[in-house]
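Here is the structure we will look at, set down as structure tokens.
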């Protein structure tokens, strides 16, 4: 059995903190500890940043939280141009650039991350955090 | 939470500032513009007090990387002081703890 929370957010930077606050509340309700909650705030924000900076998305995107007994599943769905997986390079941490860190950070903060994308249809960043 | 930048001390060698609040996609440009203005005007070391910085994301980190590169080109330094655990964790994950001076 799972509970679903669905947020529809404008593709604007000033609303990313709404997603951040929601994941903090949900994770707190699930009795996750402070450090995990901080990690999830960053992971969700980075996925939202990705939509705003790179998706060339429509006016809105969705943040869907599925709460089960033992995990929190978070989908960030946009309806933009799709994610160019072929040209995605992991950041070179010895020679950091000022961009390209977001997905790498997410991967390190959640238990599972998956990107599902289709050209001109959109992208879902799926994140799973086990309780 | 809004972002607040306060100049704490400035002389011909160093500019010390505190950055309070959240440095994210909605506020990083404010920090970027302020720091770039200072280091474009004069060759100076920068010290940032993060004691009251509660949150940073990759856009904020990107600004710091850009500023560090500019300063290093002129043989100047960027020191980050009093960063909270959640912020240090991001520096550790990205390996940037080896590049930045965290005190």
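The values are calculated or read from the model by the stated rules, or taken from the named source; none is laboratory data. Since this is a predicted model, take the numbers as computed values, not measurements. Note: ideal-geometry Cβ built from the backbone for every residue, glycine included; neighbour counts use all protein chains shown.
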Hey, among B:19, B:46, which residue is buried (at least 17 other Cβ atoms within 10 Å of the Cβ), modelled with pLDDT of 95 or more, under 19 Å from residue B:89 (Cβ atoms) and touching a helix residue (DSSP H, G or I) at 6+ places or on another chain (Cβ under 7 Å)?
B:19
Counting only helices (runs of 4 or more DSSP H) wholly inside chain B, the ones holding at least 2 residues that are more than 10 Å from chain A (Cβ to nearest Cβ) and in contact with a strand residue (DSSP E or B) (Cβ under 6 Å, 6 or more places away or on another chain) are B:28-41, B:58-73
Looking for whichever is crowded, with 20+ Cβ neighbours inside 10 Å and closer than 23 Å to residue A:19 by Cα here; the options are B:80, B:61. Which one fits?
B:61
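Quickly run through the stretch A:107-120 and pick out the residues that are assigned to a loop (DSSP other than H, G, I, E, B) and within 14 Å of chain B (Cβ to nearest Cβ).
Answer for the stretch A:107-120, where residues must be assigned to a loop (DSSP other than H, G, I, E, B) and within 14 Å of chain B (Cβ to nearest Cβ): just A:110.
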Tally up the residues in the stretch A:83-106 that are surrounded by fewer than 19 Cβ atoms within 10 Å (Cβ to Cβ), in contact (Cβ under 8 Å) with a residue 24 or more places away in the chain and facing another protein chain (nearest Cβ under 9 Å), please.
0
